[in-house]
Structure formats: C-alpha cells, structure tokens
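Below: the structure, in structure tokens.
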Amino acid sequence: MQTYEEILDWLYTQVSNYQNVGKSAYKPGFENILKLCKILEDPQTKFKSIHIAGTNGKGSVSNMTASILKKAGYKVGLFTSPHLKNFTERIRVDGKECPAEFVYNFLINIRNYFTKDFNPSFFELTTAMSFSYFAKEKVDIAVIEAGIGGRLDSTNIITPEVCAITSISMDHVDLLGDTIEKITMEKAGIIKSGIPLVIGEEKEEVKNLLIHIAQERNSEYVDATKNKIEYSSDLKGIYQEKNKNTVVSIINVLKNKGFAVSVNQIKDGLLRVKDTMNFRGRWEILQKKNPMIVCDTAHNEDGFKQLVEQFKLLQYKKLRIVIGFVKGKDLDKIFSLLPVNAIYYFVKPAIQRGIHPNEYSEKINRYFKTYQKFDSVKEGVEAAKTHSGKEDLIFIGGSNFVVSEIF
C-alpha cells in the first residue's frame, strides 16, 4: 500500500507537470478532462461556478471573490494554482484545504483508468479532482481559476454564472502566442454565449478586443475599470485596487442573478481575505522593521512594473532584492524595469524549471552593478538578512517557487 507522500510523488514525477518540466507537459484540449469527468459522473455539472482567467491578478480576484461569498453565508469552493507549500492548497472549501485522504483516494482510484492512450496531465487530474471534491461537498458555488490559457484550458468545460478576465500581458508566449492579441484570444476562450463577462483589463487595445469578442458571442459584458471601489482590503499591493474593482463587479453580476450579498459582507470579505482563505504571497509583509521584509509572487513584465511602483511608496535606506526565475521568462524586459541602485541576490528556485543565475550571468552583468549569486533561495535570503541594516528593505520574489521556499 502506497503512502500519501508516495502517491503525491507519483503525481509530481510520473504525470506530465508543467510546473516542473514546462511546455512538454502542456496538454491543451478537452479530450482527457472530459473522459476524466465522465469516469467521475460529470461532477462539474453539480455545482454553480465562477470562471476567472488572466495573466496577472486572477489568483487575488479568485480569493477575494471566494472570501466575500463565504462572508455572505455561501459554501464556497476555490480552485487555484500553483500552490505555495502544500498540494491541498489548490482545492479549498470555505478556505479549508481539501483533506489529504480525499487526494489519496482520488488518485489511487483514477490511476486504475490510465492506459497507454489515456495519460492525463497533472493539471487535468487536479482540475477533475477539484470538480469531484466540490460536488462531494455540495458547495453552493465554486470559484474556478483557469490555468495558463483559457480557450483550451481544462477548466473551460464548466458553464459558469459569470466569467472574468483580469489583466492580460506577455507571458507564456511559447504556449499562448507571441503577441498581446494572440494571448488575448486564448484568454478570451472562456467567454461563452449568454454568460456575463467582467473585464478587468485596463489597456484599451486589449479591452476593446475583449469587448468585440463578447459582442460576437452574445455575452453581456461589464467594464470593471469604470467601477472605482474605495473599500479597504488586507491585500495591500497597489495592484489590488483594480482587482477589487473586478471582484465587486463579479459580485454585482451574481446579485443580479439572485445571490444575496450585502455591502457590509463585501467590505468584510475584502478585509479578511488572508485569514478567510489562507491566501499568501501577494505583497505580503513578513517583517515590519529591522529590516522590513516583503515577498510577492509577481513573475512577468506587468507584475514587475507594479512592484517598482510599490517600491517608490516606501522609505528605506537600501533596497535588497532576493530574486529567482524559472525558464521561459523574458529577463531583458524584467531587468530593464528593476532599480539599478538596488543590491541583488540572485537565487535558483528548487524545481526542475528553476534556472541558476550562472545561466544568465551575461544579462545580470549588463543590467546591474551590485549583486551576488546563490545556489538556493535559502542562501540568498540569509545573505540579504546578514548584510542588511535596520532601515533597509528586503524584497523576495521573481517566482511563485521562490516565495514558496520561504514559508
């Protein structure tokens, strides 16, 4: 009899996992997920849902939305990816992680259906697992975060109450396309006839394309960028301001469909996202002073633009940045945004796709003056702490997989 750790190891190593190996594990299309769901008696049809896609912000929007609905008294499922520490973080009901026992039994059972011609990917399996768990738990509604794309994403077999597209920028270009228009078309694949669409994207050319697609597909749309919300949240990054607009627009659509959510429940849900949903890693202050230490999972050009603006709002003597990357990132675009006068600690995330700073030394030399390179996140963080004065700011980020190693 295999242990839980052994069956998880099988999931991570024997099943195609994009987070570990990248493009070779990406399996667009619905054949596998539909077959999985048929085996499971189509759990995705047994609960109401909200579908959220985008490049940046979809994790925050998903957690905020779930937090509000929980405060309104609904039993809420939440499916997000990737996880920071534990696999079970991906699948939650009312903020509580899916039990390891359910994960174990699901994988032991579903593995019996694998054949040479039927070998679902990691994401297909986890998507089906989430649907199965939400159906079992009889949730009132589930917030489903799309994976990398939208159009051919495994999550795109649901028929949601509302779908939302947060922001769209250049990321995963090897999979989704090398222009913002191509990436937008992929993300817009979640737009369905008769299903309301909430648009959180601010860039006019992208927003206009989304509106055009929504009109073509007979989807009533809401422009969340016109919905200026002044409610506070415990998620403090400046980029959360536009995410809050998107979230409240989603809630308003649900209210029009008969969901009962008060203004006070919206405010309460936004104020307690971290505690209610156990959501971490988004401009999270790990230590307030002596020195201040902050982490964030931003990992692409648009994400770093927001971070640089955030740095400008803080007072510090020296900025120390502990940063690492996975394969497939446009480091020239990211490096060109980062402050030249900061002190850098380049690290290697401890996953297969993590890249050692020695692999991009030439780029580091071109953009930065003061830096060190480390074999691990732990070494880089310790060095930054050792060198830091009480009035310095230490930032840790560059990837979900860097941030996950500090918790």
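How far is helix 377-387 tilted off the main Cα axis of the chain, in degrees rounded to 10, range 0 to 90? Helix 377-387 and the main axis of the chain meet at about 40 degrees.
Remark on Tyr344: its backbone amide H falls under 5 Å from those of Ile321, Thr370, Tyr371, Gln372, a criterion applied only to residues 5 or more positions apart or on other chains, H modelled at 1.01 Å from N. Here the chain has an Rg and Dmax of 20.9, 59 Å, counting Cα atoms alone. Scalar couplings 3J(HN,Hα) for segment 38-46, obtained by applying the Karplus form with A = 6.51, B = -1.76, C = 1.60 to θ = phi - 60°, are 5, 4, 8, 6, 6, x, 5, 8, 9 Hz; x denotes Gly and Pro.
Between Leu337 and Thr179, residue separation times 0.36 nm minus the direct Cα-Cα distance comes to 54.9 nm.
Take the residue pairs Lys71/Lys138; Lys38/Lys116; Lys35/Lys274 and return only those whose Cα atoms are more than 27 Å apart.
Values: Lys71/Lys138 18 Å; Lys38/Lys116 19 Å; Lys35/Lys274 35 Å.
The answer is Lys35/Lys274.
If you line up the long axis of helix 4-13 against the longest principal axis of the chain, both from Cα atoms, how many degrees apart are they, to the nearest 10? So the inclination is approximately 80 degrees.
Report, for segment 4-277, the % of DSSP beta bridges that are antiparallel, rounded to 5. Around 25 percent antiparallel, to the nearest 5. Ranking of Glu201, Glu161 by neighbouring Cβ atoms within 10 Å, starting from the fewest: Glu161, Glu201.
In this structure, the amide hydrogen of Ser49, modeled 1.01 Å from its nitrogen in the peptide plane, lies closer than 5 angstrom to those of Ala142, Glu161, counting only residues at least 5 positions away or on a different chain. If only the Cβ of Lys and Arg carry +1 and only the Cβ of Asp and Glu carry -1, the dipole of segment 4-277 around its Cα centre is close to 640 debye.
For the chain, take the longest principal axis of its alpha carbons; what is the angle in degrees between that and the long axis of helix 204-216, to the nearest 10 within 0 to 90? Roughly 10 degrees, rounded to the nearest 10. For segment 307-407, treating each Cα as an identical point scatterer without solvent, what Debye log10 I(q)/I(0) comes out at q = 0.13, 0.16, 0.17 1/Å? For segment 307-407, the Cα-only Debye profile gives -0.41, -0.64, -0.73.
For the ranges 376-388, 291-303, 311-323, 45-57, what's the packing order if you count other beta-carbon atoms within 10 Å of each residue, average per peptide, and put the highest first?
Details: 376-388: 17.8, 291-303: 21.5, 311-323: 16.1, 45-57: 23.3.
Per-residue Cβ counts within 10 Å, averaged per peptide and sorted highest first, yield 45-57, 291-303, 376-388, 311-323.
Restricting to Cα pairs below 8 Å that are 6+ residues apart, what does the relative contact order work out to for the chain? Please round to a whole percent.
17
Computed from backbone phi, the HN-Hα couplings of segment 125-139 come to 5, 5, 5, 4, 4, 5, 4, 4, 5, 5, 5, 4, 7, 6, 5 Hz, rounded to whole numbers (Karplus: 6.51 cos²θ - 1.76 cosθ + 1.60, θ = phi - 60°; Gly and Pro given as x). Here's how it looks for Ser376: its modeled amide H is under 5 Å from those of Lys348, which are all 5 or more places away or on a different chain. Backbone geometry of segment 356-365 corresponds, through the Karplus equation with coefficients 6.51, -1.76 and 1.60 at θ = phi - 60°, to 3J(HN,Hα) couplings of 6, x, 4, 6, 10, 4, 4, 5, 4, 4 Hz, x marking Gly and Pro. For Lys369, the lysines whose Cα comes closer than 23 Å to its Cα, not counting residues fewer than 8 places off in the same chain, are Lys305, Lys312, Lys317, Lys318, Lys329, Lys333, Lys348, Lys378, Lys385, Lys390. Helix content alone sets the calculated 222 nm mean residue ellipticity of the chain: runs of n ≥ 4 DSSP H residues at -39500 (n - 2.57) each, divided across all residues, give -11000 deg cm²/dmol.
FYI, it's all coordinate maths here, none of it is from the lab. Here the structure is a predicted model, which is why all the values come from computation and not from measurement. Cβ: placed from backbone, ideal geometry, glycine included. Neighbour counts: every protein chain shown.
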